[in-house]
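Everything on this sheet refers to the single structure shown next.
The values are calculated or read from the model by the stated rules, or taken from the named source; none is laboratory data. This one's a predicted model, so the numbers in the text were calculated from it and none came from an experiment. Reconstructed Cβ throughout: ideal geometry from the backbone, glycine too, with neighbour counts over all protein chains shown. Accessible surface is based on the protein model in full, side chains and every heavy atom, while ligands, DNA and RNA are left aside. Shrake-Rupley method; radii C 1.70, N 1.55, O 1.52, S 1.80 Å.
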Amino acid sequence: MKWADEDAKLGSVVQLVDLTEGSAWSGTGTPKAYIKFTRPYRQSDQVKVNPYLTNVMAAAPQNDYDFPSGHTTAAFETGETLAYVFPQRFQELITRSSEVGYDRVLAGRHSPLAVMGGRVLGTAMTAATLNDPANQALITSAYQNAQNTLSQASDASAPDTFADYQQNLKDYTDRLTYGFAPIGVTTNPMVVPKGAEVLLKTRQPYLSDDQRRAVLASTGLPSGYPMLDDAEGWGRLNLFAAANGYGSFTDATEVTMDAAKGGFNANDTWKNNISGTGSFTKAGTGALTLLGANSYTGGTA
């Protein structure tokens, strides 16, 4: 069953999500067959399966593996793709993605590590899709489609499940590590994956690619957490924090905004507590608000 119609009013958005989820590496096929982790409910009777799913899960074949969670992979591919074309709801959409993964743990279907792996894989696959030169026409069409349609839409009767920013922040942050304590060195430098900056392209359009990479570097998780220290750095990305701007200034940083372009180019807010020894210069006609308890020492212009 198709989740949405590619010929509908938001058809190009549907096409882009379908493209991102279309790879054999999107969690349900190749990765599971290679890693072959047993489902948690088959490892221990301490895993309490949702009663409504008991018979379904018991009847699943033995090669129905755990890691990475395919539903979580698809949720992040979907959420991050939608966040790219409609960045006005960036943090709400990726919080919803993380909720899908959490639901898989609650059902007893997946281990937290499998859900964490799904986030990592889904994020990497989304960035690959958004960076592929062959997809740029569709990406542009989907972005324009979402902006033209959704930016004008409103439904006051519809409840906003993700209206509470502080709850979203807590939920997303908790689900990055699921309460695991670090098992390795926690001070290794952050490695930003090649191409990861594209994930912030529409959310922070006034930054350069190098600046978006600096944002990702300064907001990433500490090293040392189970499963998250992959060599490329996908596991340590914290996109929720990155959407709140820099976490630190390590050198002279200048941001130029252009109010005439509208959207985030005209008005944005950074909520992180910005540290570091660097300086910050705001240039251009747009407005940028810094809400954090900032401690960077290089000065502000």
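Sequence gap at least 6, Cα distance under 8 Å: using those rules, report the relative contact order of the chain to the nearest whole percent.
Value for the chain: 14 percent.
Given contacts defined as C-alpha pairs under 8 Å and at least six residues apart, what's the relative contact order of the stretch 24-112, whole-number percent?
37 percent
Going by amide H atoms built from the backbone, whose H comes under 5 Å of the H on residue 269, apart from near neighbours?
Excluding prolines and chain starts, which carry no amide H, the hits are 289.
With the other protein chains left in place, how much accessible area per residue, in square angstrom, belongs to the chain at a 1.4 angstrom probe?
49 Å²
Residue by residue, what Karplus-based ³J(HN,Hα) values in Hz, rounded to whole numbers, does the stretch 7-19 have, using 6.51, -1.76 and 1.60 with θ = phi - 60° and x for Gly and Pro?
Calculated HN-Hα couplings, in order: 9, 7, 4, 9, x, 5, 5, 4, 4, 5, 4, 4, 5 Hz.
Considering only 251, 64, 230, give the residue with the highest GNM mean-square fluctuation for the chain, with springs between Cα atoms whenever their separation is below 10 Å.
The residue that fluctuates most here is 251.
Given the options 223, 154, 44, which has the most mean-square fluctuation in a GNM of the chain, springs set between C-alpha atoms less than 10 angstrom apart?
Evaluated over the chain, the most mobile residue of the options is 154.
For residue 186 and residue 3, compute 0.36 nm times the residue count separating them, minus their Cα-Cα distance, and round to one decimal in nm.
61.8 nm
Projecting each Cα onto the charge dipole of the chain (Lys/Arg +1, Asp/Glu -1 at the beta carbon, about the Cα centre), which of 156, 75, 187 comes out farthest on the positive side?
Going by the charge dipole, the pick is 187.
Once the other residues with Cβ under 12 Å from the Cβ of residue 236 are scored (Lys, Arg +1; Asp, Glu -1), what is the net sum?
-2
For q values of 0.10, 0.14, 0.16 Å⁻¹, compute log₁₀ I(q)/I(0) with the Debye formula on a Cα-only model of the chain, without solvent.
-0.58, -1.12, -1.40
Run the accessible area of the chain with a 1.4 Å probe and give the carbon-and-sulfur part as a rounded percent.
53 percent
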